[in-house]
Amino acid sequence: MWAATSCGRTDWTPPEPARRPTAPATSNVIGARLAMTVADTGRTAQLYRDRLKFAFEGANTFAGDRDLAALYGLEAQVRRGVMAAPGGRMTIELLEFKGANGTPLRTRIQDPGTARMLLTVRDLPAVVELIKASGSLVTTTGDRAVALPPNLMGVMLPDADNLYLTLLERCTDCAPRDAPLDYVATGKEPWFGTWKLNPAKSH
């Protein structure tokens, strides 16, 4: 994992993916990596590196890359970075384009193509406030965390680049799962109906 650093380097390139695939020999897919386009790498770093303590590394300047331009099918300069959650193995590559006339997405969670990342956290209310300080609004019903079986508290809110963050924290007997797997909810459970979109913020 990378140490948390500022985006101050100009000679940085993302690390190469692992060269020893562990997928079965019969699999057509031998590896995967997630990449997302951001509007402002510095702003993204402020949220994920400074507030959420992600490992974060990247370039501070834009550069032309003929090979990437051919891959993406566009003529533009790009600034690249990478981040990883504390204790996590999955890395997320960040791409910020210059001169490509990009249009920021503002989708709802139910809209096809919307991405969501689940984060297990400590002190859920404090983490929510850290993210709200960057301008995000909670979309969970009631603007607060809700109980989810088995014994989780959860809340959802998007970041500035339309990546929805689902924050989960374990709790004690807040929503136990003591029913069989074929259990059908009656609608009278204390947790029933708490995980819904806020109509006022889903448009």
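Just so you know, all these numbers are worked out from the coordinates, no wet-lab data involved. Worth saying up front: this structure is predicted, and the values here are computed from it rather than measured. Quick reminder, even Gly has a Cβ in these numbers, built from the backbone with ideal geometry, and neighbours come from all protein chains shown.
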Original post:
Say each of Ala133 and Asp65 gets a label point 7 Å from the Cα, pointing the same way as Cα to Cβ; how far apart are those two points in nm?
Top reply: 3.2 nm
Subject >> Given charges at Cβ of Lys, Arg, Asp, Glu: segment 73-179 dipole, positive-most of Leu105, Met156, Leu167 >> reply: Leu105
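Evaluate E = 1/(1 + (r/R0)^6) for Asp123 and Thr103, where r is the Cβ-Cβ distance and R0 equals 30 Å; express this FRET efficiency to the nearest 0.05.
On the way: r = 36 Å, r/R0 = 1.20.
For R0 = 30 Å, the calculated efficiency reads 0.25.
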Subject >> Karplus-derived 3J(HN,Hα), 6.51/-1.76/1.60, for each residue of segment 106-113, Hz, glycine and proline x >> reply: 9, 9, 8, 4, 7, 7, x, x
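Using per-residue counts of other Cβ atoms within 10 Å, averaged over each peptide, order 122-133, 100-111, 139-150 from highest down.
Packing proxy ranking, top to bottom: 139-150, 122-133, 100-111.
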